[in-house]
Amino acid sequence: MASMAAGRRLSRFTLVLMAVAAALAVSLGGWLRFRERTAELVRRDPDQLLADPRMVRFATRIAQPIYQQKCAGCHGRGFQGDPTRGVPDLAMNDWLYGNNAVDVEHTILYGIRSGHPKARNLADMPALVRTGQLTPADAWGAVEYLQSLAGAPYDDAASLRGRSIYYGKGNCYDCHANDARGITAYGTPALTGPVYLYGGDRQTLYHSILNGRHGECPAWVNVLSPAQIRALALYLVTAPRASVAR
Ligand code: HEC
Ligand code: HEC
């Protein structure tokens, strides 16, 4: 009798042991697969990865929670940005620094005006009125010119003055391009609308010219792993546009 009970105990013990071993094997398998995919994410060319739906899904799974935790505070839970801080709408903007995965990854790694030596930092919006380079009337003229480019109602005479400021003493064309569509290498925004960093109403446009602008995105190179940063880059060139089609 005693030995039968011991045998039952033993077999129950064996069963539990086998179940634990099986669970361990399954999670070890999952962990190894995760490790392998993570290595693949870092090793392969970003454009190749984008063409591989399996890897885009994997990147999305990694990136989604990180985006919500680290980026959404500024960029918005639904990528909508925040004009009060000049955070672009990632679904709507035409990408200040280009929307291919390599460029986006560079931005995430080193940031924009972040203080990191490799940060994107080629141009700043100067405080043209505050520094006396332009008079308030010059700046209001430039505002009317920008209104005309955006297809909004505008004052003819002021806009004409603004146009001469744009190509003259304001030097706007130098940074924002001859056609005012912005220059990717400098990260300057288009001034033609309908999408703006800070806003396209007269008062906000004037404020940009009056005080200048200095939008900053932090560098993530020492905060997140290379795989996490690669995953975020793939996520940002795919998810925001897809969310617009919803
Ligand atoms: C403190 C606020 C803040 C946080 C946090 C932040 N960003 Fe940014 N980000 C900005 C601002 C502001 C800009 C626009 C900078 C400028 O004026 O050029 C920007 C721009 C960008 C751009 C460039 C978009 C373009 O049009 O080229 C990318 C990519 C980006 N952020 C990714 C991220 C990612 C990924 C995270 C999280 C890991 C993140 N950001 C967290 C503020 C932030
Ligand atoms: C030295 C380069 C430079 C010059 C010159 C310059 N800008 Fe800018 N401008 C920028 C940059 C860079 C930004 C983006 C700032 C940021 O990302 O925070 C910007 C932003 C702006 C914005 C904000 C746009 C938005 O989407 O909200 C306006 C408006 C603007 N500039 C108008 C002008 C006008 C008008 C002139 C000429 C009178 C001018 N800029 C001259 C570099 C320049």
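The values are calculated or read from the model by the stated rules, or taken from the named source; none is laboratory data. Every value quoted in this text rests on a predicted model; they were computed, and no experiment measured them. Using ideal geometry, Cβ is built from the backbone for each residue, glycine included, and neighbour counts are taken over all protein chains shown.
Only one entry in ASP138, ASP155, ASP174, ASP201 is touching a helix residue (DSSP H, G or I) at 6+ places or on another chain (Cβ under 9 Å) and either free of Cβ contacts under 8 Å to residues at least 12 places away in the same chain or within 17 Å of GLY98 (Cα to Cα) (or both), namely ASP155. Of the helices (runs of 4 or more DSSP H) entirely within the stretch 160-246, those holding at least 2 residues that are closer than 22 Å to ALA123 by Cβ occupy 172-176, 202-211. Would you pick out the residues in the stretch 136-172 that are under 33 Å from the mean Cα position of the chain (by Cα) and basic (Lys, Arg)? Answer for the stretch 136-172, where residues must be under 33 Å from the mean Cα position of the chain (by Cα) and basic (Lys, Arg): ARG163, LYS169. Scan the stretch 132-140 and tell me whether some residue there is within 30 Å of PRO226 (Cα to Cα), within 15 Å of ligand 2 (Cβ to nearest atom) and surrounded by 15 or more Cβ atoms within 10 Å (Cβ to Cβ). No, that holds for no residue. Against the test of being more than 16 Å from ligand 2 (Cβ to nearest atom), more than 17 Å from ALA242 (Cβ to Cβ), outside the structural domain of TYR198 (by TED's automatic domain parsing) and not aromatic (Phe, Trp, Tyr), the options PRO53, PRO83, PRO65 yield a single qualifying residue, PRO65. Going through (1) surrounded by 15 or more Cβ atoms within 10 Å (Cβ to Cβ); (2) more than 8 Å from ligand 2 (Cβ to nearest atom); (3) closer than 30 Å to ASP47 by Cα; (4) outside the structural domain of THR60 (by TED's automatic domain parsing) one by one, HIS207 falls short only on (3).
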